[in-house]
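Have a look at the structure below before the remarks.
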Amino acid sequence: MRKKQIAGIFITGIILLSGCARSSTEPGTVQSADETRTAETDPTNESMETGENSEKTTSFEIDTSDMFSDSDRNVEYNEAESTIIQLSDEGSFCDTDTVVIDQNTVTITDEGTYLLSGNLSDGMLIVNAETTDEVHLVFNQAAISNQDSAAVYIASADKVFLTLADGTENAVSNGGVYADIDEDTIDGAIFSKADLSFNGTGKLIVTAAAGHGIVSKADLIFADGSYEISAAEHGIEGKDSVRIAEGTYEILSGKDGIHSENDEDETLGFIYLKDGIFKIQSQGDGVSAGNWLLAENGTYEITTGQGGVSAEEKNSLEQHKQEEQEKSAKGIKAGAQMLLKEGTYCLDTEDDSIHSNGDVFITGGDYTLSSRDDGIHADDGAAISGGSIKISESYEGIEGLTIDITGGQIDITASDDGVNAAGGRDGSSMEKGQDPFVSMEGAYISISGGSLRINASGDGIDSNGDLMISGGETYLSGPVNGGNSSLDYNGKAVVTGGIFASSGASGMAQNFDPSSTQGIIMVTLNPQEAGTQIALKNSDGTELLSWKAEKEYSSVLISSPDIRQGESYSLTAGTEEKMITMDSLVYGADIPENGKAPAGSETPKGGREPENGEVPTGGRAPMEREPAENGKRPGEMDNKPGMGEKPDNENKKEIQ
């Protein structure tokens with residue numbers, strides 16, 4: 001027997017994670033049998049000019065009706081009709097010829113139900129049945145350790161069901177070495193070449209000093225049970241899929257907590273999470289699917305890498321690139337579409353908290369996210385229609401090529417951009433060499449509902465294409481430095497409904513497009529202190545809108561259905577008060593086609609009288625900035641991680 005050393009460090013410790021209240025919402029049901037994504041309407045200049053909402057219609061539908069069979073959930077067994085296997089060092093016993101015992105190796109060769117109890121301190125349980133056989137294992141106070149290989153090895157079967165008997169505590173472990181038993185590589189404390197399904201209400205403790213905790217080279221299914229897994233590499237790995245109906249999972253892993261990936265079949269490598277309680281502390285990703293990922297409900301407490309404690313400590317682009325190439329430490333990651341329907345998520349992550357190489361759809365749930373990189377990132381589209389989302393720390397709050405917000409309560413704190421529509425892979429707001437002032441094809445941000453609060457040190461809302469606001473309430477505390485602005489877009493920005501209120505620096509302040517159909521007021525001010533109140537009143541003195549600025553500011557931008565052409569308003573901001581008459585729907589500036597202020601413009605448009613500090617023609621306030629270097633906008637791009645260069649292993653079928 002040739003032994004093969006698997007590199008790994010034995011991981012011990014107790015997972016200590018902050019508590020989250022369990023969501024009481026019942027999981028929904030996915031009805032459609034097809035997985036689809038449609039784009040009915042793209043943002044165009046024509047639709048922008050008419051004030052139409054041009055948000056893209058998206059859907060992600062998976063038939064989940066056959067994810068769990070009746071056998072997966074069946075925990076019943078008749079002890080009198082079961083084959084009893086008593087485990088004992090050098091003394092294991094079974095009175096049937098379908099079980100072969102060779103010292104401390106117990107091999108099951110036929111289908112049936114097998115009830116196991118006892119202890120093997122250095123042995124192995126092998127299932128080597130016909131590929132048409134279904135084998136039912138019942139662990140009833142069973143403990144198996146193997147210093148040289150897997151404790152449980154499913155070499156051949158159609159499917160194996162492992163039931164954890166009620167009230168029992170069972171354990172399997174590997175000592176740090178995996179021996180070559182056959183032509184296949186074994187690298188898990190529990191290793192299966194067939195479909196493997198767990199159920200029952202007992203407990204299973206899995207320890208892998210090297211390799212993975214539980215591995216299936218086919219489907220890996222958990223219908224119920226309590227699991228405590230410590231692994232040098234992945235905690236749970238299913239090549240074709242990982243499917244979890246319910247149960248409790250505490251995972252400490254040197255790589256991913258839960259992992260599925262199939263490079264040979266693009267329809268496989270998915271993760272389906274119906275419910276469950278998950279406490280995951282991983283050096284890699286918390287949950288990683290090479291294909292799609294669907295979570296219907298559950299409670300997720302996930303910490304990856306060093307957690308999201310260093311968003312303000314990214315000192316250099318090169319350092320970030322090196323870290324990205326070395327590992328991925330995202331909270332929940334999918335190589336294709338991701339749908340999060342309900343649940344409670346507390347994610348403290350070194351990398352993106354929620355990440356998809358395709359689209360992200362969030363329809364409900366409670367989210368508390370702290371990230372060293374993005375709170376929510378989609379290489380393609382990010383769509384949020386419900387839920388309560390608090391991103392307490394991030395580099396960028398929400399990033400995607402397209403961003404659709406139709407509902408939900410969202411609170412974002414970001415050390416760079418709050419919401420950013422940009423192309424490319426994670427962290428690459430701009431592709432290398434791209435002109436930051438040129439609109440990016442297909443990029444847009446659409447806000448049509450929900451509540452959005454943003455505190456951003458970079459741009460508050462940054463679209464490398466168009467921006468459309470047709471509903472909802474958006475309150476934004478933008479940058480204090482003149483190299484960024486509360487609102488930044490390279491295409492057109494149109495308001496047709498909703499409430500938008502922002503404060504920030506005036507150096508690069510940008511107004512909405514004059515084709516907007518809702519009233520807009522933009523003013524510049526003498527610098528005002530953080531915490532001062534901003535209020536808009538009509539000519540009767542009725543307060544229409546008020547909020548408190550979170551940081552110091554010198555520019556205010558407001559749009560509200562209560563702002564009407566031909567009427568007068570007063571705007572109080574800190575120590576200043578502005579009297580405004582709306583001669584047109586846009587007060588403060590007209591935006592030329594290229595989105596930039598014409599040279600030498602001084603006179604404000606859309607308002608009655610130019611007052612000291614008003615915004616000049618062209619939509620952007622006068623810019624106090626240094627000359628651009630290497631095509632970058634000063635103060636914006638220098639410390640942007642991963643800009644235009646991402647590791648090749650961040651695509652759908654090469655998930656780290």
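If you scan segment 415-435, which residues turn out to be within 19 Å of ILE332 (Cβ to Cβ) and either at pLDDT 60 or above or open to solvent by 10 Å² or more (accessible area, probe 1.4 Å) (or both)?
Matches in segment 415-435: ARG425 only.
Is it the case, given these coordinates, that ASP379 is closer than 25 Å to ASP466 by Cα, in a strand (DSSP E or B) and open to solvent by 10 Å² or more (accessible area, probe 1.4 Å)?
When the stated conditions are applied, ASP379 passes them.
Run down ILE181, ILE190, ILE154 and say which single residue is surrounded by fewer than 23 Cβ atoms within 10 Å (Cβ to Cβ) and among the β-branched types (Val, Ile, Thr).
Within the list ILE181, ILE190, ILE154, the selection yields ILE181.
So how many residues does segment 115-167 have that are farther than 20 Å from LYS193 by Cβ and touching a Lys or Arg at 6+ places or on another chain (Cβ under 6 Å)?
So the answer is 0.
Is it true that some residue in segment 362-377 is under 12 Å from the mean Cα position of the chain (by Cα) and within 15 Å of GLY449 (Cβ to Cβ)?
First, the residues of segment 362-377 that are under 12 Å from the mean Cα position of the chain (by Cα): 362, 367-371, 373-377.
Those still in the list that are within 15 Å of GLY449 (Cβ to Cβ) too: 362.
Yes, some residue in segment 362-377 is under 12 Å from the mean Cα position of the chain (by Cα) and within 15 Å of GLY449 (Cβ to Cβ).
Determine whether segment 339-351 contains at least one residue that is within 28 Å of GLY497 (Cβ to Cβ) and either hydrophobic (A, V, I, L, M, F, W, C) or touching a helix residue (DSSP H, G or I) at 6+ places or on another chain (Cβ under 9 Å) (or both).
yes
For segment 117-128, give me the residue count where each residue is within 22 Å of ALA179 (Cβ to Cβ) and either part of a strand (DSSP E or B) or open to solvent by less than 20 Å² (accessible area, probe 1.4 Å) (or both).
Pass one, segment 117-128, residues within 22 Å of ALA179 (Cβ to Cβ): 119-128.
Now restrict to residues that are either part of a strand (DSSP E or B) or open to solvent by less than 20 Å² (accessible area, probe 1.4 Å) (or both): 119-120, 123-128.
Residues flagged as within 22 Å of ALA179 (Cβ to Cβ) and either part of a strand (DSSP E or B) or open to solvent by less than 20 Å² (accessible area, probe 1.4 Å) (or both) within segment 117-128 amount to 8.
State which residue pairs qualify: first residue assigned to a loop (DSSP other than H, G, I, E, B) and inside segment 551-567, second residue open to solvent by 10 Å² or more (accessible area, probe 1.4 Å) and charged (D, E, K, R) in any location, beta carbons under 7 Å apart, and separation of 6 or more residues or different chains.
Qualifying pairs under 7 Å: GLU552/GLU529.
Kindly indicate whether GLN147 is under 18 Å from GLY188 (Cα atoms), within 41 Å of the chain's Cα centre (by Cα) and surrounded by fewer than 19 Cβ atoms within 10 Å (Cβ to Cβ).
Numbers: under 18 Å from GLY188 (Cα atoms): yes; within 41 Å of the chain's Cα centre (by Cα): yes; surrounded by fewer than 19 Cβ atoms within 10 Å (Cβ to Cβ): yes.
Spelling it out, GLN147 is indeed under 18 Å from GLY188 (Cα atoms), within 41 Å of the chain's Cα centre (by Cα) and surrounded by fewer than 19 Cβ atoms within 10 Å (Cβ to Cβ).
Matching residues to (1) in a strand (DSSP E or B); (2) more than 33 Å from the chain's Cα centre (by Cα); (3) at pLDDT 95 or above:
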| site | (1), (2), (3) |
| --- | --- |
| VAL160 | yes, no, yes |
| THR163 | yes, no, yes |
| GLY167 | no, yes, yes |
| SER173 | yes, no, yes |
| TYR178 | yes, yes, no |
| ASP182 | no, yes, no |
| ILE190 | yes, no, yes |
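Report the residue count in segment 210-228 for those that are open to solvent by less than 10 Å² (accessible area, probe 1.4 Å) and either out of contact with any Asp or Glu (no Cβ under 6 Å at 6 or more places or on another chain) or under 17 Å from PHE161 (Cβ atoms) (or both).
The total comes to 11.
Report, by residue number, each residue of segment 269-301 that is hydrophobic (A, V, I, L, M, F, W, C), touching a Ser or Thr at 6+ places or on another chain (Cβ under 6 Å) and closer than 15 Å to GLY238 by Cα.
The initial filter retains those residues of segment 269-301 that are hydrophobic (A, V, I, L, M, F, W, C), namely 270-271, 273, 277-278, 280, 287, 289, 292-295.
The next check asks that each one be touching a Ser or Thr at 6+ places or on another chain (Cβ under 6 Å); those that pass are 270-271, 277, 289.
Hits for segment 269-301 are PHE270, ILE271, ALA289.
Identify the single condition in (1) part of a loop (DSSP other than H, G, I, E, B); (2) in contact with a helix residue (DSSP H, G or I) (Cβ under 9 Å, 6 or more places away or on another chain) that MET468 does not satisfy, given that it satisfies every other one.
Going through the list (1) part of a loop (DSSP other than H, G, I, E, B); (2) in contact with a helix residue (DSSP H, G or I) (Cβ under 9 Å, 6 or more places away or on another chain), MET468 breaks only (1).
I need every pair where a residue in segment 404-422 that is assigned to a loop (DSSP other than H, G, I, E, B) has its Cβ under 7 Å from the Cβ of a residue that is of a type in the set (Asp, Glu), sequence separation at least 6 or different chains.
SER415/GLU312; ASP416/GLU396; ASP417/GLU396; ASP417/ASP459; ASP417/ASP462; ALA422/GLU399
Looking at segment 507-530 only, could you name the residues that are among the small types (Gly, Ala, Ser), open to solvent by less than 40 Å² (accessible area, probe 1.4 Å) and either farther than 23 Å from ASP583 by Cα or in a strand (DSSP E or B) (or both)?
Residue satisfying the conditions is GLY507 alone.
Since LEU536 meets every condition but one in (1) open to solvent by less than 20 Å² (accessible area, probe 1.4 Å); (2) over 21 Å from GLY574 (Cβ atoms); (3) assigned to a strand (DSSP E or B), which condition does it not meet?
(2)
Have a look at THR96, THR83 and point out the one that is over 17 Å from TYR153 (Cα atoms), surrounded by fewer than 16 Cβ atoms within 10 Å (Cβ to Cβ) and β-branched (Val, Ile, Thr).
Unique residue meeting the criteria: THR96.
Given the criterion more than 39 Å from the chain's Cα centre (by Cα) and either part of a strand (DSSP E or B) or touching a residue at least 24 places away in the same chain (Cβ under 8 Å) (or both), identify the matching residue among SER546, SER570.
Selected residue: SER570, the only one of SER546, SER570 that is more than 39 Å from the chain's Cα centre (by Cα) and either part of a strand (DSSP E or B) or touching a residue at least 24 places away in the same chain (Cβ under 8 Å) (or both).
Residue check: is GLY276 touching a residue at least 12 places away in the same chain (Cβ under 8 Å), surrounded by 21 or more Cβ atoms within 10 Å (Cβ to Cβ) and either of a type in the set (Lys, Arg) or more than 21 Å from LEU347 (Cβ to Cβ) (or both)?
Details: touching a residue at least 12 places away in the same chain (Cβ under 8 Å): yes; surrounded by 21 or more Cβ atoms within 10 Å (Cβ to Cβ): yes; either of a type in the set (Lys, Arg) or more than 21 Å from LEU347 (Cβ to Cβ) (or both): no.
Against the criterion (touching a residue at least 12 places away in the same chain (Cβ under 8 Å), surrounded by 21 or more Cβ atoms within 10 Å (Cβ to Cβ) and either of a type in the set (Lys, Arg) or more than 21 Å from LEU347 (Cβ to Cβ) (or both)), GLY276 does not qualify.
Go over the candidates SER371, SER385 one by one and state the one that is touching a strand residue (DSSP E or B) at 6+ places or on another chain (Cβ under 8 Å), open to solvent by 20 Å² or more (accessible area, probe 1.4 Å) and at negative phi.
One residue alone meets the criteria, SER385.
Can you say whether SER485 is open to solvent by less than 10 Å² (accessible area, probe 1.4 Å), of a type in the set (Gly, Ala, Ser) and closer than 20 Å to GLY574 by Cα, as far as the supplied structure shows?
Here the answer is yes, as SER485 does meet what is asked.
Please work out if ASP540 is touching a residue at least 24 places away in the same chain (Cβ under 8 Å) and either in contact with a helix residue (DSSP H, G or I) (Cβ under 6 Å, 6 or more places away or on another chain) or among the charged types (D, E, K, R) (or both).
It is false that ASP540 is touching a residue at least 24 places away in the same chain (Cβ under 8 Å) and either in contact with a helix residue (DSSP H, G or I) (Cβ under 6 Å, 6 or more places away or on another chain) or among the charged types (D, E, K, R) (or both).
Of the conditions (1) open to solvent by 10 Å² or more (accessible area, probe 1.4 Å); (2) touching a residue at least 60 places away in the same chain (Cβ under 8 Å), HIS234 fails just one. Which one is it?
The failed condition is (2).
The values are calculated or read from the model by the stated rules, or taken from the named source; none is laboratory data. Small disclaimer: the values here were computed from a predicted structure and weren't measured. Using ideal geometry, Cβ is built from the backbone for each residue, glycine included, and neighbour counts are taken over all protein chains shown. Surface areas here come from the heavy atoms of the whole protein model, side chains and all, with no ligands, DNA or RNA. Shrake-Rupley method; radii C 1.70, N 1.55, O 1.52, S 1.80 Å.
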